[in-house]
1. Identify all residues within the stretch 89-115 that are among the β-branched types (Val, Ile, Thr) and either modelled with pLDDT under 95 or surrounded by fewer than 18 Cβ atoms within 10 Å (Cβ to Cβ) (or both); write none if there are none.
2. Please tell me if GLY170 is assigned to a helix (DSSP H, G or I), out of contact with any Pro (no Cβ under 7 Å at 6 or more places or on another chain) and within 15 Å of GLN124 (Cβ to Cβ).
3. Please go through the stretch 159-179 and pick out each residue that is in contact with a helix residue (DSSP H, G or I) (Cβ under 8 Å, 6 or more places away or on another chain), over 18 Å from GLY23 (Cα atoms) and surrounded by 23 or more Cβ atoms within 10 Å (Cβ to Cβ).
4. Of all residues in the stretch 73-88, which are more than 18 Å from GLY23 (Cα to Cα) and surrounded by 13 or more Cβ atoms within 10 Å (Cβ to Cβ)?
5. Within the stretch 145-158, count every residue that is in contact with a helix residue (DSSP H, G or I) (Cβ under 8 Å, 6 or more places away or on another chain) and either farther than 24 Å from ALA215 by Cβ or surrounded by fewer than 16 Cβ atoms within 10 Å (Cβ to Cβ) (or both).
6. For the stretch 29-47, indicate whether the set of residues that are of a type in the set (A, V, I, L, M), crowded, with 22+ Cβ neighbours inside 10 Å and more than 27 Å from VAL169 (Cβ to Cβ) is non-empty.
7. Please go through the stretch 191-216 and pick out each residue that is more than 20 Å from GLY111 (Cα to Cα), surrounded by 15 or more Cβ atoms within 10 Å (Cβ to Cβ) and out of contact with any helix residue (DSSP H, G or I) (no Cβ under 6 Å at 6 or more places or on another chain).
8. Looking only at the stretch 129-144, which residues are surrounded by 14 or more Cβ atoms within 10 Å (Cβ to Cβ) and either under 21 Å from LEU32 (Cα atoms) or not hydrophobic (A, V, I, L, M, F, W, C) (or both)?
Amino acid sequence: MDHLPEHHPVLTIGILGGTGPQGRGLARRLALAGHSVVVGSRSADRAGAVAADLGVSNATGGSNDAAAAADLVIVTVPYDGHADLLASLTEPLRDKIVVDCVNPLGFDKQGPYRLDVPDGSAAQEAQRILPESTVVAAFHHVSAVRLEDPAVTSFDEDVLVLGEDRDAVGVVIDLAAEALPGGRGVYAGRLRNAGQVEGLTANLIAVNRRYKTHAGLRVTELP
């Protein structure tokens with residue numbers, strides 16, 4: 001499978017479900033890093049309005065199909081629509097890197113908790129649905145509030161990146177560093193380890209609620 005060479009600038013990045021907080025935040029940061037971004041949505045009009053509100057000239061809006069036509073695609077849809085959306089886009093996503101940052105979570109009166117996913121994780125579900133794409137799991141723990149806040153100019157945190165293909169993982173590690181000034185992308189294992197990474201988001205939400213903050217993760221003792 002052909003991939004973008006390491007350190008090669010990505011011409012276009014599509015964000016599926018890009019009108020939600022995480023999608024908007026990633027779109028803004030990736031556009032500020034110099035990439036062309038297509039914000040995707042079921043409503044192209046809504047996506048266009050969101051892209052215009054980002055205030056960056058290299059972000060446009062369109063349908064999810066338009067976003068799926070990009071060079072690299074990031075999935076930020078709610079988990080309950082995850083499988084159906086990807087199944088409808090198998091052909092345009094063929095032979096592409098698909099970055100899945102969906103967190104399957106539930107909420108009740110006791111707070112957030114991880115949902116059981118038959119495939120083990122949303123990322124593994126995506127790889128099953130998209131056998132001819134290369135799925136990489138990343139960007140699960142970055143606060144959407146901080147991504148969208150123009151006053152935030154530095155991210156002292158790491159993005160855990162998981163996948164089977166070393167070159168694809170390297171591309172996403174580079175993207176993380178470009179999108180989050182001061183941050184890093186860190187290899188965190190194969191896709192079979194994505195379940196606990198997705199589920200850890202529930203713990204971070206609990207931290208944020210208790211301490212009224214927008215916590216991220218930092219891996220210590222790395223060179």
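The values are calculated or read from the model by the stated rules, or taken from the named source; none is laboratory data. The model shown is predicted, which means the values in this text are computed figures rather than measured ones. Neighbour counts run over all protein chains shown; Cβ positions are idealised from the backbone, glycine included.
1. If the condition is that a residue be among the β-branched types (Val, Ile, Thr) and either modelled with pLDDT under 95 or surrounded by fewer than 18 Cβ atoms within 10 Å (Cβ to Cβ) (or both), then THR90 is the only one that fits.
2. no
3. LEU162, GLY163
4. Residue satisfying the conditions is SER88 alone.
5. Going through the stretch 145-158 one residue at a time, the tally reaches 1.
6. The answer is yes; a qualifying residue exists.
7. ASN193
8. SER133, THR134, ALA138, PHE139, HIS140, HIS141, VAL142, SER143, ALA144
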